[in-house]
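Every number here is computed from the coordinates shown, using simple stated rules; none is lab data. Predicted, not measured: the structure shown is a model, and the values here were computed from it. Heads up, the Cβs are rebuilt from the backbone with ideal geometry, glycines too, and the neighbour counts pull from every protein chain shown.
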Amino acid sequence: MDLAQMRAKLSAIVAKLNEFNGLESFDDAAVEAIDSLNAEFETLKKQIEAKEKLEAMNAVASTSVRKTAPEVSARVEVVANKVDRNGGFKSFGEFLNAVKGEATGRKDRRFENTLFERNGEDGGFLVPEDMLSSVTKKLSSDESLLAKTRQFTVSGNSLTLPTDESSPWNGGVSTYWVAEGAAITDSKGKIGQASLKLNKLAAMIKITDELSEDSVALESFMLAMAPESIMHTINSAIISGNGVGKPTGILNSGFKITASKEGGQTADTIVAKNIIKMYSKMIPAARAGAVWYINAGCEEQLRLMKDDVGNFIYLSPGSQMNQSPYGLLMGLPVIPMIGSLPQLGDEGDIVLANLSYYYTIVKSGGLKQAVSSHLYFDRDIQAFKFTMRLDGNCPFKTPVSTEFGSHQMSAFITLEAR
């Protein structure tokens, strides 16, 4: 029996088994028949698998004796597939040195690969995506604010989203207790729109020939400097961007609430009542994902902070009660930032935020990098350019208020300048 006949027999067994699908219950005869067909199915399945393996081995054995040595070709094909995503280059440094050779007339045939797209602005080459993994990983780290936003990937240049800022008690969809037979009052939410349009972020790094000749040092330098700079710029825009050619930051959002300082509070200080007031203004549903972002200069004051009865309210990281790498304040993580946030005493030096209420759009393809040795060839310098297109904004225009009373709440809370 050949493979075709075995597979046909297997299909016939499956067809017989399907005949039992319509039965609501199985008598002893049906159970016995199903067991018999199942056993025959398993046996035939193993025979087919063995037959397929045997035919595959025979095919390899028969090709190994050909004069054209196809087994070498097969091995070469495997190697090509392994490095194909990097276009044949073993490392980022090797790729950069090959680009440098293009400027001096040393053509590298690996650039004939359709993987490499030339950059029309300066004649450079887009770097393969796999070589950018270390950079893009940095943009999704704990230090990155972009990674914590509600992010949308777009293929075009903009995105418009519907928003509903109404609460159940202030003009949104209304719900009523209805008497038997009474008509139900209709209602509809107040739907608005939030529009985001891509902006271009670019960073150019110039590298001397001396550094570029050491491919290992060059790769380490580029993958350390570039992501730090890009991440810092994006973080700053999410915090304080003015919306002109860049995202609109939460400090400039109409959704933000500023908690007032205490009367007579000393300049450049943070006190326990500030923290309690800020926390009370965080929307209850947003508290679970909220984080305290602080200028690193605030941390010392938080560590020493006590409430009115002398209890410390900051839980240090790595302590017996807190095994996380970050401190806890009102049960929420505290992330110190060396940049992006204003200095101690200014509004924004400490921010309580749930960034899922901040929307960002990123161009499909994410971060792009191009390298060229043409632009600064007369000075033995290579230029590396990173570009990324994104935008960000909070779609909600105003804070929300409680149903009874006028207590305002938001997902972005700052402390008044002191």
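FRET efficiency for the ASP2 to PHE41 pair, using the beta carbon distance and R₀ = 22 Å, is estimated at 0.75. For segment 285-321, the residues whose amide N sits under 19 Å from a probe point set 7 Å from the Cα of GLU262 along the beta carbon direction are 298-315.
Listed cross-link partners LYS90/LYS246; LYS206/LYS246; LYS148/LYS197; LYS200/LYS261 are compared with a 28 Å cut-off, the Cα-Cα value being larger for LYS90/LYS246; LYS200/LYS261. Each Lys and Arg contributes +1 and each Asp and Glu -1, all at the Cβ; summed about the Cα centre of segment 225-359, the dipole is approximately 380 debye.
State the extension gain, in nm to one decimal, for the chain segment bounded by LYS90 and ARG109, taking 0.36 nm per residue of separation less the distance between their alpha-carbons. Present the calculation step by step, with values, prior to reporting the outcome.
Values: separation 19, 0.36 × 19 = 6.84 nm, distance 1.46 nm.
Separation in residues times 0.36 nm, less the Cα-Cα distance, equals 5.4 nm.
Each residue in ASP108, ASP308, ASP349, ASP214 was given a count of other beta-carbon atoms within 10 angstrom of its own, and listing them fewest first yields ASP308, ASP214, ASP108, ASP349.
DSSP loop GluC sites (Glu not before Pro) in segment 25-56 with at most 12 other Cβ atoms within 10 Å of their Cβ, which ones? Walk me through the numbers on the way to the answer.
Details: sites: GLU32, GLU40, GLU42, GLU49, GLU52, GLU55; in loops: none.
Hits after loop and neighbour filter: nothing returned.
For the pair MET225 and ALA285, label points projected 7 Å from Cα toward Cβ lie 4.7 nm apart.
In plain terms, the chain from SER11 to LYS200 could stretch by 62.3 nm, reckoned as 0.36 nm per residue minus the Cα-Cα distance. Each of THR160 and ILE34 was given a label point 7 Å from its Cα along the Cα-to-Cβ line. The distance between the two points is 5.7 nm. The modelled label-to-label distance for the pair ASN252/GLU55, using points 7 Å beyond Cα in the direction of Cβ, is 6.7 nm. Using R₀ = 30 Å, calculate the FRET efficiency as 1/(1 + (r/R₀)^6) where r is the Cβ-Cβ separation of GLN323 and GLN343; round to 0.05. After rounding to 0.05, the efficiency reads 0.45.
Contact order normalised by length for segment 192-312, with contacts defined as Cα pairs under 8 Å and 6 or more residues apart; what percent is it? Each step should come with its number before you reach the end.
Numbers: 61 pairs, mean separation 17.6, N = 121.
That works out to 15 percent.
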